[in-house]
Amino acid sequence: MQTTQYLNEIIKELSNTTALISDEESEKLVDYILESKKIFVAGAGRSGFMGKSFAMRMMHMGLDSYVVGETVTANLEEDDILIIGSGSGETKSLVSMAEKAKSIGGKVVAVTIYPDSTIGKLADMTVKLPGAPKDQSESEYKTIQPMGSLFEQTLLLFYDSIILRFMEKKGLNSTTMYGKHANLE
């Protein structure tokens, strides 16, 4: 197969994932963000990169958002929200973060393939995203892509759709958000 044929197959897979995401869960996440003073985002590996882009866009909207583990990340307090993107929902460092956030009184959201995972069970709410886990040998979901690529791509697009919904609710547009864009580049 040629590179562009692979690209077309990836786009087909991504197109198929959208019908499998709950509008109700998505809207609840938007409401959680609206109700929170500070928003923290966490993920490991590529899921973490998707979370960083999500936190950046929330900052562009004027929200007090942070990436867990960065040196300039504030402290999580009661009624803040921690959004964890994790395909498996079992990454030990993320489980520990979820437990700590809960002990402080924060809300935890798991965006995962497995809502019944350890992080999913700790979470106040979950958003189930389709995708194959890194070890695809026992997965019902089939993809041509390696490891967790489909989940990670879906996660990025899902986060971007949450941004668009938030923008709609708050009457923001790209022009109003650009005022928060980095200017020391």
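The values are calculated or read from the model by the stated rules, or taken from the named source; none is laboratory data. Since this is a predicted model, take the numbers as computed values, not measurements. Quick reminder, even Gly has a Cβ in these numbers, built from the backbone with ideal geometry, and neighbours come from all protein chains shown.
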Quick one: is residue 93 buried (at least 21 other Cβ atoms within 10 Å of the Cβ) and of a type in the set (Ser, Thr, Tyr)?
no
Among the residues of the range 13-71, how many are in a loop (DSSP other than H, G, I, E, B) and either over 25 Å from residue 171 (Cα atoms) or hydroxyl-bearing (Ser, Thr, Tyr) (or both)?
9
Kindly provide the set of residues from the range 18-42 that are hydrophobic (A, V, I, L, M, F, W, C) and in contact (Cβ under 8 Å) with a residue 12 or more places away in the chain, ordered by number.
20, 21, 29, 30, 33, 34, 39, 40, 41, 42
Taking interchain pairs and intrachain pairs at least six residues apart, which have beta carbon atoms under 8 angstrom, with the first residue in the range 149-164 and over 14 Å from residue 49 (Cα atoms) and the second in a helix (DSSP H, G or I) and among the aromatic types (Phe, Trp, Tyr)?
162/54; 163/54
Just wondering, is there one or more residues in the range 129-137 that are among the polar types (S, T, N, Q), more than 26 Å from residue 34 (Cα to Cα) and either in contact with a Leu (Cβ under 8 Å, 6 or more places away or on another chain) or surrounded by fewer than 19 Cβ atoms within 10 Å (Cβ to Cβ) (or both)?
yes
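Tell me which helices (runs of 4 or more DSSP H) are completely within the range 96-185 and hold 1 or more residues being at pLDDT below 90 and closer than 24 Å to residue 8 by Cβ, or say none if there are none.
Once the helices (runs of 4 or more DSSP H) in the range 96-185 are filtered for at least 1 residues that are at pLDDT below 90 and closer than 24 Å to residue 8 by Cβ, what remains is 149-170.
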Check on residue 54, closer than 17 Å to residue 87 by Cβ and surrounded by 16 or more Cβ atoms within 10 Å (Cβ to Cβ)
yes
Is there a residue being at pLDDT 90 or above and surrounded by 16 or more Cβ atoms within 10 Å (Cβ to Cβ) anywhere in the range 8-22?
yes
I'm trying to understand the selection: among the residues of the range 80-95, which are in contact with a strand residue (DSSP E or B) (Cβ under 7 Å, 6 or more places away or on another chain) and outside any strand (DSSP E or B)?
80, 86, 87, 89, 94
Please find, within the range 18-61, the residue that is farthest from the chain's Cα centre (by Cα) out of those that are over 16 Å from residue 153 (Cβ atoms) and among the basic types (Lys, Arg).
37
Candidates 65, 15, filtered to the one that is free of Cβ contacts under 8 Å to residues at least 24 places away in the same chain and either over 20 Å from residue 121 (Cα atoms) or polar (S, T, N, Q) (or both):
15
